[in-house]
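Please read the structure below before turning to the comments.
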Amino acid sequence: MPKNNKGPLTYEEALALSKKTRQTVIPTLCGMCGPTMGCGVYAFVKDGIFTKVSGMKESPINHGALCAKGFVAPQWVYSPDRLKTPLQRIGEKGEGRFREITWNEALEIIAGTLKHQKEKYGPETLAMLSPAKRSYSDYLYRFLIAHGSPNYGHSGICAIQKMFSFMYTVGGNLRGCDYQNADVILIWGRQPIYSGPSQGSARALVKAKQRGAKIITIKPSVEADGGFADIWVPIRPGTDAALALAMLHVVVNEDLIDHEFVDTWCYGYDKLKEHIQLYTPAWAETITGVPAGQIIHVARIYGKAEKAGIDLGNGVEHAPSANDAIRAVTILIAITGHLDRPGGNLFPPSGEMPTPKSVHLRERYTREWVDKLVGPEFPKAFQPFVEGTSSAYYRIFDSVLTEKPYPIRTIIAPGTQPTVSTRGSKRVVEALKKLDFYVVADVARTADMDYADIVIPLATPYETDHPFEARGNWIMARNRVIEPLADYKSMYEFILDLGAQMGYGADFWNGSMMDSMNDQLTPFNMTIDELRRHPTGIKYKSMPRTYENYREFFSKNSPGLSGKPFLPHGKVEIYNTTFEEEGFNPLPEWREPPESMTGTPELVKDYPLILSDYHTSKLYTASWQRNVPHLREIMPYPTLHIHPDAALRRGINNDDWIIVESPHGWMKVKAEIYEGIRPDTVMILHGWWQGCVELGIRDFPILDGGANANNMYSVDPDKAFDPLITAMSSQTLVQVRKA
Amino acid sequence: MPLQYGFVFDPSKCIQCHSCEMACKSWRDVELGIHWRQVKNIWENHYPEVTCVSVSVACMHCVEPECIKACPEEAIQKLPGNGIVIVDKEKCIGCRTCLDACPFGVPQFGEDEKMQKCDMCIQEIEYQNELPPCVRACPTQALLFEETEEERKKVMEQSVQALLSR
Ligand code: SF4
Ligand code: SF4
Ligand code: SF4
C-alpha cells in the first residue's frame, strides 16, 4: 500500500520510478509557457523518446505542481506542426510556398540584408518584435544594440504597462498582494487560477479562502475563480478606470483614509480630493454597469479592512484609460493605508541570491539612440524603461505603412505572431505585404509565416541545454531531454550565430552559449558545469519580510537616461508632476474605449453587445499550442461566452456556430451558453488560428470569417491607445447571430 | 471490515486546472477522444449571484457497482482486497449497458468499442508503491487517494453524485 498522498515526486523518487519503468529521468524546466523561469519538471525518456512529465517537488516555484500544458509537452515536441528546416519564400507573400535552405544560407541571407539596409537606410530600420517576457528577451536587446537600433517592439498588453504606472506612482512594482495575511482580497482584472495554476497564486487563493478571507472579484465574467468569490463585481470591459475613480470618491468622502500616511508620504492629496468629486458612484454606474450601491459597498469593505489587498491583473492594461485605471487603483491602495503593510500590496522582497550578470548592453544607450525610436512605447522622456528602449509593437507596423517618421525595413518576429497577437490584424497583414524583409523564428508553424522571407526552425526548450534560469531564490540549469528532432538551433544560438555573421562576434561570445552562460554566472562564482551538478538547482535564503519600506522605494531612480527619481517629491505621486511636465494628465481621469455603450451610443442599435477577449486560458499559451491534441480535446473550438438571456433572444443554442460582427470585422465561432458573464457582454479567448492535425481540425482564417478577436477592434491612433503608456484597447461593440 | 482504495474529492479546493485529467491522459497513454478522468464546471444560481463549483470525476470503484449488476456478460469485476473495479476486454461485447447503469457516466468506448475506464492505476499502486498520477498532480490536494472503509467510500460516492446532479 502506498504512503497516503505523499504528493509530487522528489528527484530520488523520480529516479526510483524511472528504474522500475526502465526509463531515464532528466530534471529540467518546463518550456510550455516560456522559455522563462518555468516550473521544475522531471522529464521521462524511454528508448530515446520523450514520453512523460512530472512536477519537481524541490522547485520553490511550483512545489511539484504543473498546469495542464506541462504534462503534454511531448505532444508539442513531436507535433506534425513543427518546422523542419530553415525556409526561404519562393511564392508571393501569403501564398505559403517556400524552399528548404541550410542554416548557413539562412544566416547569410539575413545578415546580407541587414548589412545592406544598415548602410543604405541606417541600423534603426531593423525592429524586433517582443514575445512575452522570455529568457531570450535580453539577447534580442543585445542584438539590436550591437546593430544600432532602439526599436524593440513591445506589445502594450501585459505587465510592463502596469509596472510603469505603479513605479511612477509609488516607486515600486506592486505584483500581486499579500494573500497569506489579507482579510479582504480584490481580484481585479486578473485570473489567479489560469495565470500559472501550478505556481503561487492559485494555491494562495485556495488557502486564503479556506482561512475565511473575503474574496471580491472584479471582471466582466468569471471562470473557476467565480466559485471562490464572495462578491462578484461584474464590470463592463475597459471601464476599470471609472470604477476605481468612483471608489476613490467613496473612500475620500467617507474619510476611510489613513491620514497619517497621507500627511507623511503622499503628494497632492488635496488636489485629488477636489478632482474626484466629479466621479460619483452614480456616474460610474452608467459607465461600468456596476450598481452604485455595489461600488459603495465594495469601496467600504476595502477601505475599512485593515488587511486588504488588490491583485491587479493584465485586464486593466487593455484599455485606452489603462494608465488612469492603474494609477487610480494604486492611489486607492496608498491613501487607505494598504501599501507595503501586512495583508496589503507589498513591494518586491529581496533575497540572498546574487543577480546574474545581464546580457543586455544598456550602458550603451544615449540620447541620440532614444531619439531614433520609430514609435516610442512610452514617451522619450521616460526611455529607456526597465526592459530597455522600446517602440510600441503596433507603431512598428504603422511606420511600415505610413513611412513616418521613417519606415522600418526588416522585422524579426522571434516567438511572436503579430497577426493574432496585436490589435488590428488587417493593418498588420497590409504592413507585412509592404515590408521589405520579414523573418519568423519559432518552433512550429506560425500564423503569419507565409509572409516571411526567411523562416527559422527553433529547438524547443526540451531539445537544448540552455540557458540556466534564475528567479527569486532559485537558480537551475536547463538540461537537454532529447537530441533535437531536426536541424534545430535554440533561439539563443540563432541570435549568437547571427551576431557572429554580422561581424558582432566580440559582443556575442564568438558564438559560444557556454561562454555566455559562464559570463553571466560570474556573480555566483560558478560555471555552468558546476551549476549543472545540482540536479534540482540551488536554493538561496529569502530575507525575512519587512514592511513599510517607504524610504527605500520612494527614493528609487528611474532607469530613464535622465536617471531622475520616479517620485520627485520622495512621496507617493498622487498628483504626478512628471507626467504634467510631459503634457499628460497629473491626476487619473476617465477616457472611453473607442466603442462602448456610453461612448458611442449611436452604435448600440446595430451592435448591442460589448466584446472583449481573455488574455489567459487554462490550456493554451497565448496564440500557441492549439496543435496539441490533449489540450485541444478539452477546448476544441473557439467559443464565445454568451449569457443565456442574450443567447435566447437570438435563438442561439449551446455549440451553435455563430457570426460575431463589429464595425471592424467579423468572426465565425461557436456559442458557449455561459452563466458567469454580464448579459450585455460577450467574451472569447484570443489567439485562435491554428488547427490540430491529429484531431482533424483545420486552421481558421486570420482575418474576417476566422476566430481572431484582434481583427474585431479599432486601431484608431487617437482613440484605441492609452496616450501615455500605449496600452491597446480590447473592447468593441458587436452583433451576434446564428451562422 | 475490509478496506478499499478510493478517491476523495474536495470541491472547495478544486481550481479546475485540469492537471489531474492531463496527468491521467499522458501517464496512461489514454487514446484521443477518451477521458478516464474529467474535470467539469457546474454553474449555480443566476446572474449576478451566479457562482460555480468543480468536480473531477473518474470511476468511483463503487462499493456496490451498478455497472457490474448491469453487465450481461459478467465482463466487469470488483477485485477482492482493494475494491478496484476492472473490465475484462475479452468478455466485453461493447453493448454499453454499463454506461446507462453508471450513476457517474464513467464508461468510455474508444477504437476497439470495448468499455474502458480508470483502473485506479492498479499497476502503479500495487507494484510500484506509487500514487496514481492524477492524485500526484493535484496542486491543491483537492483530489486525494486513500485506503478507506466502505461506509466512508459510500459517502464520497453520494457527494460526487450530488455535485454532478446539481
Ligand atoms: S463504472 Fe460507474 S458504476 Fe462502475 S464502479 Fe465505476 S463509477 Fe461505479
Ligand atoms: S487513477 Fe490512474 S487511471 Fe484512474 S483517473 Fe487517475 S491517473 Fe487515470
Ligand atoms: S488537479 Fe486538483 S485542482 Fe486541478 S482540476 Fe484536478 S482536482 Fe481540481
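The values are calculated or read from the model by the stated rules, or taken from the named source; none is laboratory data. Since this is a predicted model, take the numbers as computed values, not measurements. Counting neighbours? That spans all protein chains shown, and the Cβs are built from the backbone with ideal geometry, glycine included. To get the accessible areas, we keep the full protein, side chains included, count just its heavy atoms, and leave off ligands, DNA and RNA. Shrake-Rupley method; radii C 1.70, N 1.55, O 1.52, S 1.80 Å.
When we screen A:SER165, A:SER130 for residues that are touching a strand residue (DSSP E or B) at 6+ places or on another chain (Cβ under 9 Å) and of a type in the set (Ser, Thr, Tyr), the only hit is A:SER130.
Per this entry, A:VAL660 is not counted among residues that are crowded, with 23+ Cβ neighbours inside 10 Å, within 14 Å of chain B (Cβ to nearest Cβ) and farther than 25 Å from A:SER79 by Cα.
Would you say B:MET120 is under 14 Å from the mean Cα position of the chain (by Cα) and under 20 Å from B:SER26 (Cα atoms)? The answer is yes for B:MET120.
Here are some residues: A:LYS115, A:LYS93. Which one is in contact with a helix residue (DSSP H, G or I) (Cβ under 6 Å, 6 or more places away or on another chain) and either closer than 30 Å to B:CYS134 by Cβ or open to solvent by 10 Å² or more (accessible area, probe 1.4 Å) (or both)? Just one listed residue meets the conditions, A:LYS93. For the range B:56-75, a tally of residues being within 16 Å of ligand 2 (Cβ to nearest atom) and either more than 17 Å from the chain's Cα centre (by Cα) or within 17 Å of A:MET635 (Cα to Cα) (or both) returns 1. Taken as a whole, the condition of being within 13 Å of ligand 1 (Cβ to nearest atom) and among the polar types (S, T, N, Q) applies to B:GLN158. Given (1) assigned to a loop (DSSP other than H, G, I, E, B); (2) modelled with pLDDT under 95, identify the lone condition not met by A:TYR394. Single failed check for A:TYR394: (1). For the residues B:ASP119, B:ASP112, the requirement of being within 25 Å of B:ASP88 (Cα to Cα), within 15 Å of ligand 1 (Cβ to nearest atom) and among the acidic types (Asp, Glu) singles out B:ASP119.
Residues considered: A:SER130, A:SER198. Of these, the only one that is open to solvent by less than 10 Å² (accessible area, probe 1.4 Å) and either charged (D, E, K, R) or within 14 Å of chain B (Cβ to nearest Cβ) (or both) is A:SER198.
The number of residues in the range A:256-280 that are under 21 Å from A:LYS304 (Cβ atoms) and assigned to a loop (DSSP other than H, G, I, E, B) comes to 5. Against the test of being more than 13 Å from chain B (Cβ to nearest Cβ), over 30 Å from A:VAL41 (Cβ atoms), open to solvent by less than 10 Å² (accessible area, probe 1.4 Å) and among the β-branched types (Val, Ile, Thr), the options A:THR217, A:THR239 yield a single qualifying residue, A:THR239.
Residue by residue, here is whether (1) open to solvent by less than 10 Å² (accessible area, probe 1.4 Å); (2) on the phi < 0 side of the Ramachandran plot; (3) of a type in the set (D, E, K, R) holds:
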{"position": "A:ASN473", "(1), (2), (3)": "no, yes, no"}
{"position": "A:TRP509", "(1), (2), (3)": "no, no, no"}
{"position": "A:SER516", "(1), (2), (3)": "yes, yes, no"}
{"position": "A:ASP519", "(1), (2), (3)": "no, yes, yes"}
{"position": "A:THR522", "(1), (2), (3)": "no, yes, no"}
{"position": "A:THR527", "(1), (2), (3)": "no, yes, no"}
{"position": "A:ARG532", "(1), (2), (3)": "no, yes, yes"}
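With respect to the stated conditions, B:ILE76 fails to be at pLDDT 95 or above, within 14 Å of another protein chain (Cβ to nearest Cβ) and within 16 Å of ligand 1 (Cβ to nearest atom). For the range B:148-158, the criterion of being assigned to a strand (DSSP E or B), more than 16 Å from ligand 3 (Cβ to nearest atom) and not basic (Lys, Arg) is met by at least one residue. Only residues that are at the interface with chain A (Cβ under 8 Å from one of its Cβ atoms) and of a type in the set (A, V, I, L, M, F, W, C) were counted across the range B:15-58, and they come to 10. Here no strands (runs of 3 or more DSSP E) wholly within the range A:627-739 include at least 3 residues being of a type in the set (Gly, Ala, Ser).
Any residue at all in the range B:119-135 that's modelled with pLDDT under 90, surrounded by fewer than 18 Cβ atoms within 10 Å (Cβ to Cβ), more than 16 Å from ligand 3 (Cβ to nearest atom) and part of a loop (DSSP other than H, G, I, E, B)? Yes, the range B:119-135 has at least one match. Is there a residue being within 28 Å of A:HIS116 (Cα to Cα), aliphatic (A, V, I, L, M), at pLDDT 95 or above and not in a loop (DSSP other than H, G, I, E, B) anywhere in the range A:368-377? Yes, the range A:368-377 contains at least one residue that is within 28 Å of A:HIS116 (Cα to Cα), aliphatic (A, V, I, L, M), at pLDDT 95 or above and not in a loop (DSSP other than H, G, I, E, B). Considering only residues of the range A:171-186 that are closer than 26 Å to A:ASN576 by Cα and either within 14 Å of another protein chain (Cβ to nearest Cβ) or touching a Phe, Trp or Tyr at 6+ places or on another chain (Cβ under 7 Å) (or both), which is most open to solvent (accessible area, probe 1.4 Å)? The residue in question is A:ASN173.
Screening the range A:36-60 for residues that are in a loop (DSSP other than H, G, I, E, B) and open to solvent by 20 Å² or more (accessible area, probe 1.4 Å) and picking the one that is nearest to the other protein chains (Cβ to nearest Cβ) gives A:LYS57. The strands (runs of 3 or more DSSP E) falling completely within the range B:1-118 include none with 2 or more residues that are surrounded by fewer than 16 Cβ atoms within 10 Å (Cβ to Cβ) and more than 16 Å from ligand 3 (Cβ to nearest atom). Please find, within the range A:223-232, the residue that is surrounded by the fewest Cβ atoms within 10 Å (Cβ to Cβ) out of those that are out of contact with any helix residue (DSSP H, G or I) (no Cβ under 8 Å at 6 or more places or on another chain) and modelled with pLDDT of 95 or more. Result: A:ASP230.
Among the residues of the range A:288-302, those identified as in a helix (DSSP H, G or I) and open to solvent by less than 10 Å² (accessible area, probe 1.4 Å) are A:THR288, A:ILE295, A:VAL298, A:ALA299, A:TYR302. Which members of the range B:85-107 meet the condition of being in contact (Cβ under 8 Å) with a residue 24 or more places away in the chain and near ligand 1 (Cβ under 9 Å from one of its atoms)? Within the range B:85-107, B:VAL85, B:VAL87, B:CYS98, B:ALA101, B:CYS102, B:PRO103, B:PHE104, B:GLY105, B:VAL106, B:PRO107 meet the criteria.
Residues that are out of contact with any strand residue (DSSP E or B) (no Cβ under 7 Å at 6 or more places or on another chain), within 11 Å of ligand 2 (Cβ to nearest atom) and acidic (Asp, Glu) within the range B:7-35 comprise just one, B:ASP29.
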